[in-house]
Amino acid sequence: MADRLWHCCIVCALLISLTSCGEPQPIFRSNKQLHMYGREMAQQEIESCRKKVERTGLQPGVRQSANAATGAILGLTLGGAVGASAGVVGGLPGVMIGAAAGSGLGMVVGLLGGTFKPLEPEPAYGDAVTRCLKEKGYEVSGWE
């Protein structure tokens with residue numbers, strides 16, 4: 001059973017790492033510039049600002065797989081602790097089974113939870129892109 005759980009976790013991690021190529025996007029406040037030119041032009045301006053900022057050497061620096069890995073490690077640790085304490089009633093075998101089950105479940109939940117954590121770019125990169133967009137007349141209220 002433990003082998004099957006590990007195989008499932010490895011498959012989930014691979015799938016998540018393959019699908020986690022998206023970059024964070026700025027969220028625009030509704031203003032005159034956005035209404036006048038529309039979302040399509042705003043998207044072109046985002047790409048223009050990204051390229052300008054990346055030419056300076058700054059990178060977005062955010063990877064969804066890193067969020068997922070952090071969530072998995074936290075889930076593994078906390079799940080193991082909770083599972084072990086729940087298994088105290090069954091003695092040493094109960095503690096071991098509880099810790100293993102809690103760790104496995106915690107890792108899967110943490111992995112999935114970390115995957116859906118909102119993405120934010122490195123602060124310097126985000127500030128530079130925001131400044132560029134502001135110079136073009138857009139108002140950025142955050143990142144998603």
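Restricting to region 93-144, and then to whatever is of a type in the set (Ser, Thr, Tyr), under 25 Å from Ala42 (Cβ atoms) and assigned to a helix (DSSP H, G or I), can you tell me which residue is modelled with the highest pLDDT? Outline the logic, then answer.
So the first thing to find is which residues in region 93-144 are of a type in the set (Ser, Thr, Tyr), and the list is 103, 115, 125, 130, 138, 141.
With the extra rule that they be under 25 Å from Ala42 (Cβ atoms), the set shrinks to 125, 130, 138, 141.
Checking the rest, the ones that are also assigned to a helix (DSSP H, G or I) come to 125, 130.
Working: Tyr125: 90, Thr130: 94.
Among those residues, the one meeting the criterion is Thr130.
Check region 1-11 and report whether any residue there is buried (at least 16 other Cβ atoms within 10 Å of the Cβ), at pLDDT below 90, not assigned by TED's automatic domain parsing to the domain that holds Val129 and not in a loop (DSSP other than H, G, I, E, B). Yes, there is a match, as at least one residue in region 1-11 is buried (at least 16 other Cβ atoms within 10 Å of the Cβ), at pLDDT below 90, not assigned by TED's automatic domain parsing to the domain that holds Val129 and not in a loop (DSSP other than H, G, I, E, B). The residues of region 20-56 that are loosely packed, with under 10 Cβ neighbours inside 10 Å and within 13 Å of Ser141 (Cβ to Cβ) amount to a single one, Ser30.
The values are calculated or read from the model by the stated rules, or taken from the named source; none is laboratory data. Predicted model, so just to flag it, every value in this text is computed and none were measured. Quick reminder, even Gly has a Cβ in these numbers, built from the backbone with ideal geometry, and neighbours come from all protein chains shown.
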